[in-house]
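Here the structure comes first, spelled out in structure tokens, and everything after it is commentary.
Read-outs throughout are calculated quantities, based only on the coordinates presented, and are distinct from any laboratory measurement. What you see is a predicted model, and the numbers here were worked out from it, not measured in a lab. Cβ: placed from backbone, ideal geometry, glycine included. Neighbour counts: every protein chain shown.
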Amino acid sequence: MTDLKMDLGFLTLKNPVLAASGTFGYGLEFEPYVGLAQLGGFVVKGLYFNPREGNRPPRLVETPSGLINAIGLQGVGVKAFAEKILPRLRGLDTAVVVNVCGGDDDEYVDVVEFLNRQDGIAAYELNISCPNVKQEGLCTALFAEPTFALVKRVKSVSRRPVITKLSPNVTNIVEVARAAEDAGTDAISLVNTFLAMAIDIETRRPRLANIFGGLSGPAIRPLAVRMVYQVASRVKVPVIGMGGIMTGADALEFLIAGASAVQVGTANFVDPDAAVRIIGEIAGWCEAHGVARVRDLVGTVRAA
Amino acid sequence: MTIDRNARILNVASWGDYCLFTIESPAVGGGARPGQFVMVKVSNSLFPLLRRPLSIHSASPVGIELFFKIAGPGTEILAGKKVGDAIDILGPLGNSFTVPADLRGKKAFLVGGGRGIAPLYFLGLELKAAGAGITVFYGGRCQVDIPLKDKFEVEGLPLHCSTDDGSYGFEGLVTELLERELGPSRPDLLYVCGPDPMMKAAAQMALAAGIPAEFSLESIMGCGIGACWGCVHRIREDTGDGWLKICEEGPVFPGDRIVWTD
């Protein structure tokens with residue numbers, strides 16, 4: 001039996017697989033299909049302080065091995081989450097991570113201060129990288145200085161570990177990762193979606209009402225692996241890797257690149273039980289390869 | 001709500017771009033209600049990546065029927081499946097049409113356009129079993145777009161057909177046909193599924209005539225289970241208008257709550 005446990009320092013996961021924010025609802029949607037307690041954890045859909053409308057449809061377009069979305073972080077807000085959803089997640093023996101959003105830095109602080117008073121949350125994931133809420137994909141994670149400032153503010157009020165989720169739509173991902181680390185983030189998760197666009201050639205209109213959206217799915221995996229490798233080799237905090245993971249083999253690639261845990265995203269749409277299948281595939285590979293502890297694989301990529 | 005990864009295709013019929021599959025799946029068929037849908041994995045490769053939402057054409061403890069039109073690469077791959085092939089279906093999903101228990105003496109109109117006829121067969125059978133008098137309005141661009149007319153007739157579901165080009169039945173839109181009948185033989189219930197402009201026109205008629213109507217909405221879907229929020233439609237609620245998920249809160253909505261956009 002492979003030991004799948006993964007100690008992130010601030011949080012111990014029973015296995016290295018979490019379901020990614022925005023692809024797993026608030027968790028409860030998946031109860032008919034998976035035992036949520038089998039997961040290393042899951043990250044609930046991004047929460048603003050107040051309920052949020054989201055973007056006009058069409059919000060989705062499928063592309064080769066990928067999906068472009070422009071949902072616009074529609075959601076119930078922290079109060080409804082705390083009243084109606086969180087009580088049903090509390091008993092679960094898995095890490096419930098809340099993805100925290102904000103229209104400005106003050107709102108991130110408001111959300112965290114509100115959630116600080118609620119039980120049953122393992123950590124916050126700071127969503128500073130959604131490409132669908134401001135013009136042309138603008139977000140905090142595109143720049144090192146505002147990332148540093150926001151992470152520092154949130155860390156100063158947070159009673160829980162903070163994971164900072166980075167955008168891949170940057171020139172130098174390491175620079176932004178280091179800014180988050182310098183500001184005291186407990187971990188870094190990457191990557192959020194790639195800013196993308198698709199056009200209907202018959203109507204010559206963008207396929208998304210928002211014009212731009214974020215590309216996810218297997219199409220982005222090599223890009224994400226590269227960025228996880230770059231960041232993990234240059235920061236000391238744990239890195240949580242994601243981007244198009246569909247199988248255990250895909251997840252192992254991220255671990256070997258330097259990720260201490262992974263998030264499964266778009267695959268949850270295709271198969272609601274994908275994350276659990278992936279955990280089994282990781283364990284099976286480790287057993288077949290004589291790997292006793294999955295944590296021994298982290299960052300073991302060799303020279304070319 | 002179950003994933004049946006080994007749902008066997010028992011029968012395939014096709015008419016041009018339209019296909020009718022009979023699928024063995026007690027797990028999905030057993031509890032299905034008219035108006036519900038399934039998410040079908042058309043391929044085990046990464047293309048197409050997502051499942052395809054298809055409404056349930058009929059259901060029994062043995063399985064389901066699916067009626068669909070080839071509308072892109074996904075449904076084209078699905079249409080290539082043969083009798084004996086196994087497919088992966090997730091369902092039954094979503095809410096269902098309202099079928100009151102006792103409809104004796106009541107009249108129901110069912111209006112379907114093109115592939116939108118799919119859920120109305122299942123619904124027609126249930127309404128008939130509840131005692132309702134049924135009239136089905138079935139429209140398409142031309143005769144090839146109304147391949148199921150015989151199937152409705154065999155089940156004793158009376159049918160008015162229309163084609164845009166007059167190649168079969170009434171020449172014109174199915175909503176024009178509906179409008180003509182709505183006055184003289186006022187139904188108690190109206191159920192509609194088809195392209196948005198058609199549903200919008202039918203919704204306006206139902207509203208003007210004060211007839212309760214339900215509409216089955218369609219959208220591209222990421223997951224079908226309420227997790228991605230990709231398939232929303234504008235819906236009126238007590239708290240104001242909002243983007244509701246077609247997959248979870250729908251696909252069936254009452255006409256007076258749907259906000260139609262152009």
query = Does A:Glu202 meet the test of being among the acidic types (Asp, Glu), surrounded by fewer than 17 Cβ atoms within 10 Å (Cβ to Cβ) and either without any contact (Cβ under 8 Å) to a residue 12 or more places away in the chain or closer than 28 Å to A:Ser65 by Cα (or both)?
reply = yes
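Can you pull out every residue in the range A:250-277 that is more than 21 Å from B:Met39 (Cα to Cα) and touching a helix residue (DSSP H, G or I) at 6+ places or on another chain (Cβ under 7 Å)? Spell out the reasoning first.
As a first pass, look at the range A:250-277 and keep what is more than 21 Å from B:Met39 (Cα to Cα): A:250-263.
A:Asp250, A:Ala251, A:Leu252, A:Glu253, A:Phe254, A:Leu255, A:Ile256, A:Ala257, A:Gly258, A:Ala259, A:Val262 - these are the residues of the range A:250-277 that are more than 21 Å from B:Met39 (Cα to Cα) and touching a helix residue (DSSP H, G or I) at 6+ places or on another chain (Cβ under 7 Å).
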inquiry  = Taking the condition of being surrounded by 19 or more Cβ atoms within 10 Å (Cβ to Cβ) and assigned to a loop (DSSP other than H, G, I, E, B), how many residues in the range A:123-143 meet it?
reply    = 7
request  = Please verify whether the range A:79-93 includes one or more residues that are touching a residue at least 12 places away in the same chain (Cβ under 8 Å), in a loop (DSSP other than H, G, I, E, B) and under 23 Å from B:Gly226 (Cβ atoms).
outcome  = yes
request  = Select from the range A:56-75 the residues that are under 17 Å from the mean Cα position of the chain (by Cα), part of a strand (DSSP E or B) and not hydrophobic (A, V, I, L, M, F, W, C) and write down the one among them that is surrounded by the most Cβ atoms within 10 Å (Cβ to Cβ).
outcome  = A:Asn69
inquiry  = I'd like the full set of residues that are crowded, with 18+ Cβ neighbours inside 10 Å and more than 23 Å from B:Leu90 (Cα to Cα), limited to the range A:264-294.
reply    = A:Ile282, A:Ala283, A:Trp285, A:Cys286, A:Val291, A:Val294
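Is it the case that A:Glu31 is within 13 Å of chain B (Cβ to nearest Cβ), buried (at least 18 other Cβ atoms within 10 Å of the Cβ) and closer than 24 Å to B:Arg51 by Cβ?
Working: within 13 Å of chain B (Cβ to nearest Cβ): yes; buried (at least 18 other Cβ atoms within 10 Å of the Cβ): no; closer than 24 Å to B:Arg51 by Cβ: yes.
No, not satisfied.
For the range A:145-152, indicate whether the set of residues that are of a type in the set (Phe, Trp, Tyr) and out of contact with any Asp or Glu (no Cβ under 9 Å at 6 or more places or on another chain) is non-empty.
So the first thing to find is which residues in the range A:145-152 are of a type in the set (Phe, Trp, Tyr), and the list is A:148.
Now drop any that are not out of contact with any Asp or Glu (no Cβ under 9 Å at 6 or more places or on another chain), which leaves none.
Scanning the range A:145-152, I find no residue that is of a type in the set (Phe, Trp, Tyr) and out of contact with any Asp or Glu (no Cβ under 9 Å at 6 or more places or on another chain), so the answer is no.
Sort through A:Gly41, A:Gly66, A:Gly91, A:Gly54 and tell me the only one that's within 11 Å of chain B (Cβ to nearest Cβ) and either polar (S, T, N, Q) or farther than 19 Å from A:Ile199 by Cβ (or both). Steps first, answer last, please.
Values: A:Gly41 fails: within 11 Å of chain B (Cβ to nearest Cβ); A:Gly66 fails: either polar (S, T, N, Q) or farther than 19 Å from A:Ile199 by Cβ (or both); A:Gly91 fails: within 11 Å of chain B (Cβ to nearest Cβ).
Just a single option satisfies the conditions, and that option is A:Gly54.
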inquiry  = Being within 14 Å of chain B (Cβ to nearest Cβ) and in a helix (DSSP H, G or I) is the filter here; which residues of the range A:257-290 pass it?
reply    = A:Ala267, A:Asn268, A:Phe269, A:Val270, A:Ala274, A:Ala275, A:Val276, A:Arg277
